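The values are calculated or read from the model by the stated rules, or taken from the named source; none is laboratory data. Please read all numbers here as calculations on a predicted model, not as lab measurements. Here Cβ is always computed from backbone atoms with ideal geometry, including for glycine, and neighbour counts include all displayed protein chains. Surface areas here come from the heavy atoms of the whole protein model, side chains and all, with no ligands, DNA or RNA. Shrake-Rupley method; radii C 1.70, N 1.55, O 1.52, S 1.80 Å.
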Amino acid sequence: MSFVAERMDRIDSSGIRKVFALAASLKDPINLSIGQPDYDVDDAVKEVAIQQIRAGFNKYTQTGGIDELREESSAYYKRRFGTPLENVMITSGTSGGLFLALLATINPGDEVIFADPYFVMYKHLVNLLGGKCAMVDTYPHFKLTAEVIENAITPKSKMLIVNSPSNPTGVTMTKDELKEIAAVAAKHNLLVISDDIYDQFHYDDAPGSMAGLCENVIVLNGFSKTAAMTGWRVGFAAGPKDILDKMNTLQQYTFVCAPSFAQKAAVIALKLDTKEKIDAYRRKRDLIYNGLVDLGFTVTKPGGAFYIFPEAPGGDGDAFVKKAIENNLLIIPGSVFSEKKTNLRISFAAREETIQRGLEVLGKLR
């Protein structure tokens, strides 16, 4: 008899981790695989954390987080999107918020609609909970539209996940496109999760969020990307009170609370001017996109985040990534994020010199 729960058969280990294992023997690899900024946490944020640790703010906080950060998270959305958040709770990273939101809402057999390509956690967490993934093929433009969502609706449809800007494609949706999606969600009484973790990484269009566009929306965001606080594990969630109350209850028995001193520091992170960082990432986006086009890759220009998702030469992303790793270049096969294996994900969260070196290798493999 196995002591391992049967639900574990519904998920696989992360494909990204498999790539890292494959690359473990590489010396000084050209790393265009990591989904975290190449800059460090701002000194002002670090200083607050250090001060709070020294002052003894090291114990548990309330499960839902400190009032100061909850209020500032709501005010941030008011400043950025024109709508304050209600019923805010502080989570252990945006991923922690996603897990709590799904655990609080998904019953076995419930269908969850999201775009293919997708962030890896969507598929595996839904499967783990016994839900059904209703993945919508968005190739080749990678944009989730109201029309394709409408076509995916069935009597079992319960939830829609919207991720803009997107991981792994970097594709963004305009405010008008999000309003059209909100109308479809309202028409079919869908619960929406708006995964806004890359909300500041917008390079062309005005940023948008599903926040305030429909009644039944859970907003998820955090500090791992813009603020580079990946290891600090702080995020926030907001939405309908009945759901957020259940998420708070679940957090009592799982994460307990987000790190105390990090919550204090996150208040400052929400107030920082990030224009210089975003301008730098726009230049990186242009460098990788133009470089891939010049090399003859078929590729969609990302409007946000720090990923690009070109087609693999020959149509086999798994095989192409294996060749890239053999040539000291770390990238991720598209099959990690999709039911197809035709593409590959490149992260441009790296120094421009590293991006240029990566392009040189890609040109040789092309």
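Just to check your reading of the model, which residue among Gly208, Gly222 is over 24 Å from Asp137 (Cβ atoms) and surrounded by 21 or more Cβ atoms within 10 Å (Cβ to Cβ)?
Matching residue, one of Gly208, Gly222: Gly222.
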Q: Scan Leu287, Leu272 and give me the residue that is aliphatic (A, V, I, L, M), under 24 Å from Asp204 (Cβ atoms), open to solvent by 10 Å² or more (accessible area, probe 1.4 Å) and part of a helix (DSSP H, G or I).
A: Leu287
Q: Pairs only if they're at least six apart or on different chains, beta carbon under 9 angstrom, first in segment 108-137 and of a type in the set (Ser, Thr, Tyr), second open to solvent by 30 Å² or more (accessible area, probe 1.4 Å); list them, first residue then second.
A: Tyr118/Met135; Tyr122/Met135
(Q) Condition check: in a strand (DSSP E or B), at pLDDT 95 or above and either out of contact with any Pro (no Cβ under 7 Å at 6 or more places or on another chain) or open to solvent by less than 60 Å² (accessible area, probe 1.4 Å) (or both). Does Phe236 satisfy that? (A) yes
(Q) Please determine whether any residue of segment 80-88 is free of Cβ contacts under 8 Å to residues at least 12 places away in the same chain and under 16 Å from Asp196 (Cβ atoms). (A) yes
Q) Do we find a residue being touching a Phe, Trp or Tyr at 6+ places or on another chain (Cβ under 9 Å), hydrophobic (A, V, I, L, M, F, W, C), closer than 30 Å to Ala350 by Cα and in a loop (DSSP other than H, G, I, E, B) anywhere in segment 246-256? A) no
Q | Residue ranges of helices (runs of 4 or more DSSP H) in segment 1-120 with at least 2 members under 24 Å from the mean Cα position of the chain (by Cα) and surrounded by fewer than 17 Cβ atoms within 10 Å (Cβ to Cβ) | A | 15-22, 67-81
Q. Which residue pairs have Cβ atoms closer than 6 Å, lie 6 or more positions apart in sequence or on different chains, and pair a first residue in segment 158-173 that is under 8 Å from Phe119 (Cβ atoms) with a second residue that is of a type in the set (Asp, Glu) and crowded, with 24+ Cβ neighbours inside 10 Å?
A. Asn163/Asp195
